[in-house]
């Protein structure tokens, strides 16, 4: 019974906060648009008999999902979101790994302070931090004023309302999610392994590449997932920093739900986005399980 309750708690949490909302969204995605409140006509009647439900499934069509393939806007938004999320994840990794490595190499008495500095931005509202970047990156903002004052540029740069501003906002916002898992992996690293690699003829860079990077792989993967998944569906940062020219699926979802009030199409967009996120995670978990079984 103890083992059953231990397993039942996370499964109940997953069912309540993931599966139930997912099936609600899927039900709306299989509905028809209507000028009503709510703005859709449900087709799926869960309360009916089994035979009625079976006949109903046979009559279901996926016109909302088919519609996504006929309009270039949606697949371009998916591709643009994948591109921005991937580049942002790589940039966050490039910035976060050296910081995590420096924290792991710091003296023990300094590590809690460094950890607090990494977590400190979470004490401020996410929206306020994004608005602060609007002021920093604008033509009259602090960055342009500083570059003009130093003489690096002769006229203000146009950073706001571009993809560059979106990358800056995502990297800044999700940097702690990359640093913390990598730091947790590097902190457990046995320094004697690096010494052994150097004794066997490796340079410091070779020892870092052949020992440190592989042993911190789990932290890199965890941090990359923690950045890539929310960045793919990000809405606030592209809207405030990217402007109208930045095409991301989160903005499309917002417009379909609240501007067009086309809940069935918006739900179909959300279901496809969820599948895009779940499939690589499931494949990765299966690969990790096979590797663990092979090592045993």
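Just so you know, all these numbers are worked out from the coordinates, no wet-lab data involved. Treat the numbers as computed from the prediction; the structure is a model and nothing was measured. All Cβ positions, even for glycine, are placed from backbone atoms using ideal geometry, and neighbour counts span all protein chains on display.
Here the extension length gained between residue 196 and residue 76 equals 38.2 nm, from 0.36 nm per residue of separation less the Cα-Cα distance.
Exposure proxy ranking for 211, 171, based on other Cβ atoms within 10 angstrom of each Cβ and starting from the fewest, stands as 211, 171. Of the residues 119, 229, 160, 249, the one with the fewest other Cβ atoms within 10 Å heads the list, and the complete ranking is 119, 229, 160, 249.
Helix 72-105 and the longest principal axis of the C-alpha atoms of the chain enclose an angle of approximately 30°.
The C-alpha atoms of the chain define a longest principal axis, and helix 20-29 lies at about 60 degrees to it. Principal-axis analysis of the Cα atoms of the chain puts helix 263-295 at an angle of about 50° to the longest axis.
By its C-alpha gyration tensor, with a ≥ b ≥ c as the square roots of the eigenvalues, how is region 66-175 shaped: rounded for a/c under 1.5, else prolate for a/b larger than b/c, else oblate? The shape class here is oblate.
The gain in end-to-end length when the residue 188 to residue 13 segment is fully stretched comes to 60.0 nm, 0.36 nm per residue minus the alpha carbon separation. Given the choices (1) -0.30, -1.03, -1.30; (2) -0.20, -0.82, -1.25; (3) -0.18, -0.73, -1.18, log10 I(q)/I(0) by the Debye sum over Cα atoms at q = 0.06, 0.12, 0.15 Å⁻¹ derived from the coordinates of this structure is entry (1).
Exposure proxy for 265, 236, 20: other Cβ atoms within 10 Å of each Cβ, ordered fewest to most, give 20, 236, 265. Averaging the sequence gap over all C-alpha pairs within less than 8 Å and six or more residues apart, then dividing by the number of residues, gives the chain a relative contact order of 27 percent. Using only Cα positions of region 228-279, each an equal point scatterer, no hydration layer, compute I(q)/I(0) via Debye at q = 0.31 Å⁻¹ and quote the log10 values to two decimals. Rounded to two decimals, the profile gives -1.17. Each part reduced to its alpha carbon centroid, region 155-212 and region 231-285 end up 28 Å apart.
When the helix-only estimate is applied to the chain (DSSP H runs of n ≥ 4, each -39,500 (n - 2.57), divided by the residue count), what is the mean residue ellipticity at 222 nm, nearest 500 deg cm²/dmol?
Details: 14 runs with 198 residues, N = 296.
Helices in the chain give a 222 nm mean residue ellipticity of -21500 deg cm²/dmol.
Maximal additional length on extending the residue 117-residue 215 stretch stands at 32.8 nm, based on 0.36 nm per residue less the C-alpha distance. Peptides 277-290, 132-145 ordered by packing proxy, namely the average of other Cβ atoms within 10 Å per residue, highest first: 132-145, 277-290.
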